[in-house]
Structure formats: C-alpha cells, structure tokens
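Report on the structure given below.
The values are calculated or read from the model by the stated rules, or taken from the named source; none is laboratory data. What you see is a predicted model, and the numbers here were worked out from it, not measured in a lab. Positions of Cβ are generated from backbone atoms using ideal geometry, with glycine treated the same way; all protein chains shown enter the neighbour counts.
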Amino acid sequence: MEYIECNDPYLLEMKREEIARQLIRYRLRPPQTTILTRMHRKKVRAIWKQVHQSSPPKGLQPSSCSSLLKKRDMKDVSVFIAIYKSIIPESPLNPERIIRRTGVLNLLDAYRIYCNMFSSKSIVLDFQTVYYLIHDIKYGIATLGTCESCEREYLETVNDKAFWGCPFCNK
Ligand SMILES: [Zn+2]
C-alpha cells in the first residue's frame, strides 16, 4: 500500500522500523505490517514481541473487510472514509482513485484523527479493520456509494455483495 521514501538506506530502515512500531502498537498483525513497511517478517515479529510481550496471534487472516464489519460499525466506516479523504490535499474526483494514491502514513494519520474524535471506549473500528477497508477500496474489492437522501458516502459493496445501504438514514 505504501512506499516509504528516503534516499539514505540507514534512515529508511529507521523510518520503516518506527512506522512498524506504530502499526504494531495498533495491533496490526505482522503479515499486514510486513506488506506496509516492506520490512523482513522476522524483524516485524520481533517488534511485535517487544511491544506486546507476547507472540503475535495465529489464525486465518481475513480475505476482505466484510468479515470484520457488522451493521452497527457502518456509521463509523463512513466517518473514517470521510476523514481519510479529508487528509488528502487534492479534492477528490473519484474516491477510489484518491485512495489509490495514498499510503501507510495517511492511514496512520486518519486513524489517529478518528481515535481522537471519540473516547477510547466508544472507538468502534480497530486498525486491522480500517487497514482492510482502505485496502479493499483501493483494489476495487469494495465500492462506495452516495446516499441520495443525505448525500453521505458509505460502503456499498464488498466482493460485489451489497451491504446495508446508507447507515445514517437506512435507505
Ligand atoms: Zn443517507
């Protein structure tokens, strides 16, 4: 999703490690952290152990965001998409295209803003979920729709399966 840029190889490694640490603090699993940072997976697993004092969780990885989302999460999904798009300077013509141009730093920024908007108890979406959400929109696995009634944007389909419609007015 992201290509962390830096000309100096030593600095680049430091930068990657710092980003990996932030992702792991948000409990993004090692396989996804490896993809986003392009670090060696052994190194990523070592950071996980250091940060959480335990081994990374085992088990199947979700194939899309759909398995992580429930109907009650969908308002927050719209809020998160709006935040994500708002931190990107150009005005979006096409949401998928805009999301395609962004990367891990935007994702971290958007998640930080999202978390700061709510008290920690009322945060609905975890970082793993927003990672899959943006990934799926980026690669066309998920599509967005705009509500004809309230004009808000919402997650419309994942893997061609329609979701629940606009979470704000249930149309
Ligand atoms: Zn609506």
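Taking the criterion of being more than 16 Å from the ligand (Cβ to nearest atom) and either modelled with pLDDT of 90 or more or over 24 Å from residue 30 (Cβ atoms) (or both), the residues of region 138-156 that qualify are 140, 141, 142, 143.
Restricting region 157-171 to residues that are touching a helix residue (DSSP H, G or I) at 6+ places or on another chain (Cβ under 7 Å) and crowded, with 20+ Cβ neighbours inside 10 Å, the residue that is modelled with the highest pLDDT is 167. Listed by position, the helices (runs of 4 or more DSSP H) enclosed by region 1-116 that each have at least 2 residues that are modelled with pLDDT under 95 and within 19 Å of the chain's Cα centre (by Cα) are 9-25, 30-37, 74-86, 95-100. Residues in region 130-146 that are surrounded by fewer than 20 Cβ atoms within 10 Å (Cβ to Cβ) and among the β-branched types (Val, Ile, Thr): 141, 143, 146.
Quick grid of which residues meet (1) free of Cβ contacts under 8 Å to residues at least 60 places away in the same chain; (2) surrounded by 13 or more Cβ atoms within 10 Å (Cβ to Cβ); (3) under 17 Å from residue 105 (Cα atoms):
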residue: 7; (1), (2), (3): yes, no, no
residue: 18; (1), (2), (3): yes, no, yes
residue: 21; (1), (2), (3): yes, yes, yes
residue: 28; (1), (2), (3): no, yes, yes
residue: 48; (1), (2), (3): yes, yes, no
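Considering the conditions (1) among the acidic types (Asp, Glu); (2) more than 19 Å from residue 126 (Cα to Cα); (3) in contact with a helix residue (DSSP H, G or I) (Cβ under 9 Å, 6 or more places away or on another chain), residue 76 is excluded by exactly one of them, (2).
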